[in-house]
Every structure is written in structure tokens, then in C-alpha cells.
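Student: Sharing a structure below in C-alpha cells format, with a few things to ask.
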């Protein structure tokens, strides 16, 4: 599977939106988007791209895909799944993206970024309902309990403390569809997410229009 290895801050600049890919750096003046609010590349500062039609739809899809750190194939398969569900496809898509295990761990304040959360999951730091998990894209369900393995706590307690402080200082807050117990390093899913739970502005209908052509 292809993996993006270039500077992540270029992605934020390309979408002209903070995608929060670099953890603490995104909340400081060191964020490149604070200094260069124009796309990367030669002469980009003076180039104004008119976003209409296909260009507008494409940029919206790229923004959301990059926000969650997914490949094109992963994102498209998630869209197909959302399209088969009952209800509004765009809202179903956002709900599925929010239910990803790596996203839940990040938003719970157990990692400073989604990329860091993916690494923790892949290295087997967490359990779901008492069973080992190592798939970042796994969808959590209402009633699930995600917890840090006992033998891993000492290895990441400082990391989690930094991540929790970062979430508090950034006023990110904990979504109301899950509860976090920091003393026991445990997350309980009490409901399902909605379109309001995504942390960047998104017009999901544009993504549906793009894939429906």
C-alpha cells in the first residue's frame, strides 16, 4: 500500500486548512500554515485557483481523506460502505470515519496525532472488549470498551499525559459519544458519532457528488 512520506505540513497548506497532522506543532506559531497561507509550489503565493465544480469536490475529498490519514483506496471503500447504509450517505461516511479505532484513541487524548494513534494500535498497545486489536481502521460500536494493555502502561504514560494536556490546552474536548477514564486508561463507547463531531469544516455532500459521477 502506498504511503505518504513527504512533509505533512504541505498537505495542510495544499488544502489551506489545519488538518492537525503534527500534534502539538499544529497548535503553535510554528505551524507553517500560520506563516504561509497559500499552497506549496513555485509562484503559488500569487496564484488564485477558482474552486468550482469538480475542483471544489476534489479538494473537499482530499481534505477529509488527509485529515484521517487514509489512502485513496481505503477512503473509497469506506464511501461504498456508507452508500450501502440506510440514511444520508454523506453523514454515514463521516460517522464511519469517526468510528475508526485510531481516531477514537486520538480524540480520547491517548495520542498527540492520528498517526501516533495508528502506531500504538499497530504495535498492539490496546484491547477491545478484552481482545487484542492491531487494526487502526477497525470500526468501534456502541458498548465497546477500549483499554490500554496493563503491560504497556509504563511505556506510554508520559506520552498519554502530554496528549491529554495538549487536548485540554487546545480546548479540543472529549466527544460526548464516548467516555474516558484516564486512571484506568479506558474508553467506553456510549453512542455513535454525528456529523457535528468532525473537527474540521466539511461539506460532505461534495464528496458524495464527486463519487456519484
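Student: In what sequence do 60, 209 fall when counting other Cβ within 10 Å, fewest first? Intermediate results must be reported in sequence, preceding the final value.
Tutor: Numbers: 60 22, 209 17.
Ascending number of Cβ neighbours within 10 Å: 209, 60.
Student: If r is the Cβ-Cβ distance from residue 212 to residue 192 and R0 is 35 Å, what FRET efficiency results, to the nearest 0.05?
Tutor: Numbers: r = 24 Å, r/R0 = 0.69.
E(calc), rounded to 0.05, equals 0.90.
Student: Moving to a separate point now. Among 211, 185, 54, rank each residue by its count of other Cβ atoms within 10 Å, from fewest to most, as a rough exposure measure. Could you put the intermediate results ahead of the total?
Tutor: Working: 211 16, 185 21, 54 11.
So the residues, fewest neighbours to most, are 54, 211, 185.
Student: I need the shape label for the range 100-192. Rule: rounded when a/c is under 1.5, else prolate if a/b > b/c, else oblate, with a, b, c from the alpha carbon gyration tensor. Can you show the working numbers first?
Tutor: Working: a/c = 1.41, a/b = 1.08, b/c = 1.31.
Rounded, since a/c falls under 1.5.
Student: Something else: What is the fewest-to-most order of 205, 123 by other Cβ atoms lying within 10 Å of their Cβ? Mind dumping the intermediate values first?
Tutor: On the way: 205 14, 123 11.
If I rank by nearby Cβ atoms, fewest first, I get 123, 205.
Only the coordinates and a few stated rules stand behind these numbers; no lab work does. The structure displayed is predicted, hence computed values, not measured ones. Backbone-built Cβ (ideal geometry, glycine too); neighbour counts: all protein chains shown.
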